[in-house]
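The values are calculated or read from the model by the stated rules, or taken from the named source; none is laboratory data. The structure displayed is predicted, hence computed values, not measured ones. Note: ideal-geometry Cβ built from the backbone for every residue, glycine included; neighbour counts use all protein chains shown.
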Amino acid sequence: MRIARSRGARLGALATVAVMALSACGGGSIDEQTTANEEKAAEGGGECGDLNMAVNPWVGYEASAYVVGAVAEKELGCTVNYKELKEDVSWQGFGTGEVDVVIEDWGHPDLEKKFFADQGDGTAEDFGPQGNVGIIGWFVPPWLAEEHPDILDWKNLNKYASEFETSESGGKGQFLGADPSYVQFDEAIVSNLDLDFKVVFSGSEAASIEAFRKAEENKEWVIGYWYEPQYFNAEVAMQRVSLPPYEDGCQDDPQTVACDYPETELKKIVGTDWAASDSTAVDLVKNFTWTNEDQNVVAGYIAADKMSPEDAAAKWIEENQDKVDAWLG
Amino acid sequence: MSATTSTAPTPKPVEPGAAPPVEEHTRVSRWIPAAVILAVWVVAWYFTNGNDTLALPGTSRTGLHDRLTEFQNDLLAGRATNPVMQFTNAIADALRSAVEWLQRMVVLPNFPRPVPEIGWLGVVAIATYVGLVVANWRIALLVAASFLSFGVLGYWQDSLDLLIITGISVVLAVVIGIPLAVLIGTSARANQVVTPFLDFMQTMPTFVYLLPIVLFFGIGPSAAVVSTLIYALPPLIRIAGFGIREVSATTIEATDSAGQTYWQRLLKVQIPMARKTIIVGLNQTTLAALSMATLAAFVNGPGLGKPVLDGLRINDVGTAFVPGALIVVMAVMLDRTTTAASERAERVARGGGGDPRVRRGLIIGGGAATLVAVYLSRTYVGLAEFPTYSIGDTIATAVSDGVDWFTDTFGGATGWVKDLVTNQFLNRTQALLADSPWWLAFVAIAALAFVFGGLRALVSTAVCLAGIWYFDLWHDAMITLNMTLVATVLVMILALVFGVWMARDRRVDLGIRPLLDAGQTIPPFVYLIPVLALFGPSRFTAIVAGIVYAAPAAIKLVADGVKAVSPTTIEAGRSTGQTTWQEITKVQLPMAKGSLVLATNQGLLYVLSMTVIGGLVGAGALGYDVVYGFARSEAWGKGLAAGITIVLLGVMLDRITRAASDVRRDDGPGSRRPFNIRLPIGPPGA
């Protein structure tokens, strides 16, 4: 009995001290704030309501999403719900009202067929370009472009093919294919241009970035599918290899592709029901556009400076109030 | 803790020395026909390699795959009118409101309050109190420390979210699982019907069913609960069913003779006697639920998986490490608490459990203190919102720097190891498996299965291979099979070295075991980046990831098996003056043969379960196909086909190893089993 009590007492004392230390004696009454909140609610808040913003899994997207979200929250009083989802899942969510906005779409003909009004169920609609231009292509690390400038023309690739050989490429040069989320025709391009390469899929953006980073550091031979805007390009300025130029229709049949990727105007896609609603955020999303440089700045805050997306967005908004004002109309 | 092992002389099915001498004889001779088959295969390969390999480029699909995709598209097109979906959507709404209600109680501001109903101090107090009541004061301290670490490291909300999702999933698993466990525990036929479904649920990669789950249950908490439930349910059904089935026949006969009804027998005899096993099942289900945390985050499921994926997105291992480590902390907390709770319940049932007056005082006193804490946390903001500390960020930075230093220093050496293993080992075996015409590989694998496992293994293997052929991914399946086999060989080498070492030296065991537990529990996404930095995107990288995940289970099984070898046998050997080497190779390993086979079986299945992770680090093959199907819905059918192919490979490998060792079943609770997250698949009846 005695032992139990003294142990209990000691634990109690310890707990009290710990609590005091942890709470850092932060005072303030919850009741006061509750009353304040109730009064605010009674005044009638914003007319924005909830904004369900899909966050697709790459940093550039995150930058766009959080900047628009922060403006909606701060200026329009919206409650922004960020939902971390892959593209296909996001599009499925328009119909159920779980997703309102996809802020950066790189072109998904198959999804447009399913969800746009002319062929699909009409739950999603195109809300115009968001200003970023997507550049997809074949890239090499900068050291390689510098030491062998002629590598930037596809016609010279075969000359160097053996340098790109790895344990994975079965005697040919290795071409690093990308995260499967992206549209890729590299297997067809390699075979149709008679290149002595084998496509090895990195499988994820993280894997591609690690490969390029290592290649630049150790002067290794790497060539792969890459794109811009992308925060990593600020760290390692990947250089593009020119393929036969893109012409309309040259990528229509996936089997016969032998040309470069087109420049893609990135679009905003929104849920039809939400677009028709009277939420004040509709106009904000409609007006939002910015440039690749803008996005790379915010993406750099997140990825290189390790800021939280909220802080990164707030910082950019503070520095660029004029651009933000233009969106608010 | 050591009480667990000593008070529980568990019915270990693979008892060392159980094999009759005849078995020993056939085992040796099996290698001769196997070598002959291999030789014939190599000769046939020499003349035919490169033909009929059924290779399919990474982004190509076949008609079958498109038909499977069409199935998903039809479901999607009819989602407004599909009555099943309306029903599942109603369930999803209920799940969502349950999660949200709990979140508003403990983590999210419950408007108009600026904070949740119960602040952090109240939550910590309640959790500690629960630990005290169900177990003892040591566990209470562990629980308090764990909860505080969630907050101090900066992941209070994500941690509680994960606990909420895990809690709801486990409650549902019990509601659904216990009746099914009773069913398979009391009826052999039901067992045969249910088991393949359980195999399927445990081996089917989650990425394959995430899209349909979103279709039926929406995005967010509901999808997280359902996907967690699918993966976490089988261990409970299997283990609880096993426990009920194993209740001694004499006891049942004795009580039957007293004229009891079916329900009396079930509720008064079978379930009480199987209680300990059922709790082990519950423990396994809880840990399996935790291991789904990161995957649920792919459909916006709340929890610690989200910050792990955030770290992956910015390629920062430190950012992913801290929440990953907290998942381990949570797993240890839940594991130790449920284990201690069951031990306590056992003692109380036997009339132990200490002085009731002391306990009553403790419960009343603790309860009062908890109430005070809850009241305080409802009154003061500082006790409601967890204060922010920078220690989490400091740890993250330190880990990132440490990993950077490590990869910079050893990057060259690892590249050399990768090339050596790949060129000398992996590429050669892959040439044989994947570059053979499909019919040659088919016949050769089936023949090997027959040699090692007899007719039963031959039939299973032929069925599985035919299925793999049907789903149009033969070439990818062979590449994945090859990686799985190579990784398992490496796992078994590690298991033998470390397992024997741990068995022979108690201090080594104590030192290594926590690391093994952590290796099994930490989400693989956390170590993807360092592994990639060391080895680049390649099949070998996937193999390394598979080894990190699979080796702990195999090492523990080998260690426990070797340790279980009777000391008298070893003493007898020592008295004849044998060396340590002789003792290991002539006595300990042969007598632990059952455990070695079980470890191989587990190693294969654990490695195979990492196939999809391998697809994310450049291994290609089936793992890439699954990721591709998840990422682009027009290829969903290909992902599904790849998922089914992985299941078929798993069943095939499981049946062959099982038949080879004549293992009757191994789904029972072995010694120290509580921390083996993944359980072997397979039919318990034989």
Residue in the stretch B:128-148 that is over 24 Å from B:ARG359 (Cβ atoms) and either acidic (Asp, Glu) or part of a helix (DSSP H, G or I) (or both) present: yes
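Anything in the stretch B:404-448 that is closer than 21 Å to B:VAL42 by Cβ, of a type in the set (Gly, Ala, Ser) and without any contact (Cβ under 8 Å) to a residue 24 or more places away in the chain? List them, or say none.
Step one: list which residues in the stretch B:404-448 are closer than 21 Å to B:VAL42 by Cβ, which gives B:421-448.
Add one more test, that the residue is of a type in the set (Gly, Ala, Ser), and what stays is B:431, B:434, B:436, B:441, B:444, B:446-447.
Scanning the stretch B:404-448 gives a single hit, B:ALA446.
Condition check ((1) surrounded by fewer than 15 Cβ atoms within 10 Å (Cβ to Cβ); (2) free of Cβ contacts under 8 Å to residues at least 12 places away in the same chain; (3) in a loop (DSSP other than H, G, I, E, B); (4) out of contact with any Ser or Thr (no Cβ under 9 Å at 6 or more places or on another chain)) across all residues:
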residue: A:CYS259; (1), (2), (3), (4): no, no, yes, yes
residue: A:ALA275; (1), (2), (3), (4): no, no, no, yes
residue: A:THR289; (1), (2), (3), (4): no, no, yes, yes
residue: A:GLN295; (1), (2), (3), (4): no, no, no, no
residue: A:GLY300; (1), (2), (3), (4): no, no, no, yes
residue: A:MET307; (1), (2), (3), (4): no, yes, yes, yes
residue: A:LYS315; (1), (2), (3), (4): no, no, no, yes
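Between B:VAL175, B:VAL225, B:VAL208, which is away from every other protein chain (no Cβ under 14 Å) and surrounded by fewer than 24 Cβ atoms within 10 Å (Cβ to Cβ)?
On the way: B:VAL225 fails: surrounded by fewer than 24 Cβ atoms within 10 Å (Cβ to Cβ); B:VAL208 fails: away from every other protein chain (no Cβ under 14 Å).
Matching residue, one of B:VAL175, B:VAL225, B:VAL208: B:VAL175.
If you check A:VAL55 against the conditions, is it touching an Asp or Glu at 6+ places or on another chain (Cβ under 7 Å), at pLDDT 65 or above and under 30 Å from A:TRP316 (Cβ atoms)? It would help to see each step written out before you state the result.
Working: touching an Asp or Glu at 6+ places or on another chain (Cβ under 7 Å): yes; at pLDDT 65 or above: yes; under 30 Å from A:TRP316 (Cβ atoms): yes.
Considered against the rule, which asks whether it is touching an Asp or Glu at 6+ places or on another chain (Cβ under 7 Å), at pLDDT 65 or above and under 30 Å from A:TRP316 (Cβ atoms), A:VAL55 comes out as yes.
Based on what the data block shows, is B:GLN520 in the same structural domain as B:GLY415 (by TED's automatic domain parsing), of a type outside the set (Ser, Thr, Tyr), more than 22 Å from A:ALA211 (Cα to Cα) and touching a residue at least 60 places away in the same chain (Cβ under 8 Å)? Let's see the steps before the verdict.
Numbers: in the same structural domain as B:GLY415 (by TED's automatic domain parsing): yes; of a type outside the set (Ser, Thr, Tyr): yes; more than 22 Å from A:ALA211 (Cα to Cα): yes; touching a residue at least 60 places away in the same chain (Cβ under 8 Å): yes.
Yes: the conditions hold for B:GLN520.
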Candidate set: the stretch B:272-314, residues that are of a type in the set (D, E, K, R) and within 14 Å of another protein chain (Cβ to nearest Cβ); chosen: the one nearest to A:LYS83 (Cα to Cα): B:LYS306
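Do we find that B:LEU426 is within 14 Å of chain A (Cβ to nearest Cβ) and either modelled with pLDDT of 95 or more or touching a Lys or Arg at 6+ places or on another chain (Cβ under 8 Å) (or both) in this structure? Lay out the reasoning, then the answer.
Working: within 14 Å of chain A (Cβ to nearest Cβ): yes; either modelled with pLDDT of 95 or more or touching a Lys or Arg at 6+ places or on another chain (Cβ under 8 Å) (or both): yes.
Yes, satisfied.
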Near pairs, Cβ below 8 angstrom, 6+ apart or cross-chain, from the stretch B:500-512 (assigned by TED's automatic domain parsing to the domain that holds B:ALA554) to any residue that is polar (S, T, N, Q) and assigned to a helix (DSSP H, G or I): B:VAL500/B:GLN588; B:ALA503/B:GLN588
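Tally up the residues in the stretch B:74-88 that are surrounded by fewer than 17 Cβ atoms within 10 Å (Cβ to Cβ) and under 31 Å from the mean Cα position of the chain (by Cα), please. Before the answer, list the steps.
Of the stretch B:74-88, the ones surrounded by fewer than 17 Cβ atoms within 10 Å (Cβ to Cβ) are B:74-75, B:77-78, B:80-81, B:83-84, B:86-87.
Subset that is under 31 Å from the mean Cα position of the chain (by Cα): B:75, B:84, B:87.
Number of matching residues: 3.
Among residues belonging to the stretch A:95-127 that are part of a loop (DSSP other than H, G, I, E, B) and among the small types (Gly, Ala, Ser), point out the one that is nearest to the other protein chains (Cβ to nearest Cβ). So that I can check it myself, show each step before the final result.
Narrowing the stretch A:95-127 to residues part of a loop (DSSP other than H, G, I, E, B): A:97-100, A:106-108, A:116-123.
Going one step further and asking which of them are among the small types (Gly, Ala, Ser), we end up with A:97, A:107, A:117, A:120, A:122.
Working: A:GLY97: 10, A:GLY107: 12, A:ALA117: 14, A:GLY120: 8, A:GLY122: 11 Å.
Looking at residues that are part of a loop (DSSP other than H, G, I, E, B) and among the small types (Gly, Ala, Ser), I get A:GLY120.
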Qualifying residue in the stretch B:157-164 (condition: of a type outside the set (A, V, I, L, M) and not in a helix (DSSP H, G or I)): no
Residue check, A:ALA299 at pLDDT below 90 and within 13 Å of chain B (Cβ to nearest Cβ): no
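Could you look through the stretch B:533-557, keep only residues that are touching a Ser or Thr at 6+ places or on another chain (Cβ under 6 Å) and among the aliphatic types (A, V, I, L, M), and pick out the one that is farthest from B:LEU309 (Cα to Cα)?
We begin by selecting, within the stretch B:533-557, every residue touching a Ser or Thr at 6+ places or on another chain (Cβ under 6 Å); these are B:533-535, B:537, B:540, B:557.
From what's left, among the aliphatic types (A, V, I, L, M): B:533-534, B:557.
Details: B:ALA533: 17, B:LEU534: 20, B:LEU557: 31 Å.
Among them, the one singled out is B:LEU557.
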For B:PRO109: the one exception among (1) free of Cβ contacts under 8 Å to residues at least 60 places away in the same chain; (2) crowded, with 16+ Cβ neighbours inside 10 Å; (3) touching a helix residue (DSSP H, G or I) at 6+ places or on another chain (Cβ under 7 Å); (4) not β-branched (Val, Ile, Thr): (3)
Residue match in the stretch B:479-498 (condition: among the hydrophobic types (A, V, I, L, M, F, W, C), more than 30 Å from B:VAL562 (Cβ to Cβ) and assigned by TED's automatic domain parsing to the domain that holds B:ARG655): yes
Search result, residues across the stretch A:74-88 that are in contact with a Ser or Thr (Cβ under 9 Å, 6 or more places away or on another chain) and either free of Cβ contacts under 8 Å to residues at least 40 places away in the same chain or closer than 10 Å to A:VAL270 by Cα (or both): A:GLY77, A:LYS83, A:ASP88
Unmet requirement for A:MET53, which otherwise passes all of (1) closer than 27 Å to B:ARG113 by Cα; (2) within 9 Å of chain B (Cβ to nearest Cβ): (2)
Some residue of the stretch B:512-524 being over 16 Å from B:ALA325 (Cβ atoms) and either touching a Lys or Arg at 6+ places or on another chain (Cβ under 7 Å) or in a helix (DSSP H, G or I) (or both): yes
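Any chance the stretch A:245-252 includes a residue that's in a helix (DSSP H, G or I), over 16 Å from the mean Cα position of the chain (by Cα), modelled with pLDDT of 90 or more and away from chain B (no Cβ under 13 Å)? Before you say what the answer is, go through the steps one by one.
In the first step, residues of the stretch A:245-252 are kept if they are in a helix (DSSP H, G or I); the result is none.
Within the stretch A:245-252, none of the residues are in a helix (DSSP H, G or I), over 16 Å from the mean Cα position of the chain (by Cα), modelled with pLDDT of 90 or more and away from chain B (no Cβ under 13 Å).
Report yes if some residue within the stretch B:58-67 is outside any loop (DSSP other than H, G, I, E, B), surrounded by fewer than 17 Cβ atoms within 10 Å (Cβ to Cβ) and within 12 Å of chain A (Cβ to nearest Cβ); otherwise report no. Lay out the reasoning, then the answer.
Taking the stretch B:58-67 and keeping what is outside any loop (DSSP other than H, G, I, E, B), we get B:63-67.
Filter once more, so that each one left must be surrounded by fewer than 17 Cβ atoms within 10 Å (Cβ to Cβ): B:63-64, B:66-67.
This time we only want the ones that are within 12 Å of chain A (Cβ to nearest Cβ), so: B:66.
Yes, some residue in the stretch B:58-67 is outside any loop (DSSP other than H, G, I, E, B), surrounded by fewer than 17 Cβ atoms within 10 Å (Cβ to Cβ) and within 12 Å of chain A (Cβ to nearest Cβ).
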Filtered residues of the stretch A:150-196 (kept if in a loop (DSSP other than H, G, I, E, B) and among the hydrophobic types (A, V, I, L, M, F, W, C)): A:ALA178, A:VAL183, A:PHE185, A:LEU193, A:LEU195
Residue in the stretch A:132-143 that is more than 14 Å from chain B (Cβ to nearest Cβ), over 30 Å from B:GLU70 (Cα atoms) and without any contact (Cβ under 8 Å) to a residue 24 or more places away in the chain present: no
Index of the failed condition, B:ILE547 passing every other in (1) outside any helix (DSSP H, G or I); (2) away from chain A (no Cβ under 14 Å); (3) under 30 Å from B:GLN202 (Cβ atoms): (1)
Helices (runs of 4 or more DSSP H) within the stretch B:320-435 that include 2 or more residues within 30 Å of B:VAL115 (Cα to Cα): B:356-379, B:381-384, B:391-421
Residue count for the stretch B:570-589, restricted to those that are free of Cβ contacts under 8 Å to residues at least 40 places away in the same chain and assigned to a helix (DSSP H, G or I): 13
Neighbours by Cβ (under 8 Å, 6+ apart or cross-chain): first from the stretch A:317-328, assigned by TED's automatic domain parsing to the domain that holds A:ASN296; second surrounded by 13 or more Cβ atoms within 10 Å (Cβ to Cβ) and among the basic types (Lys, Arg): A:ILE317/A:LYS74
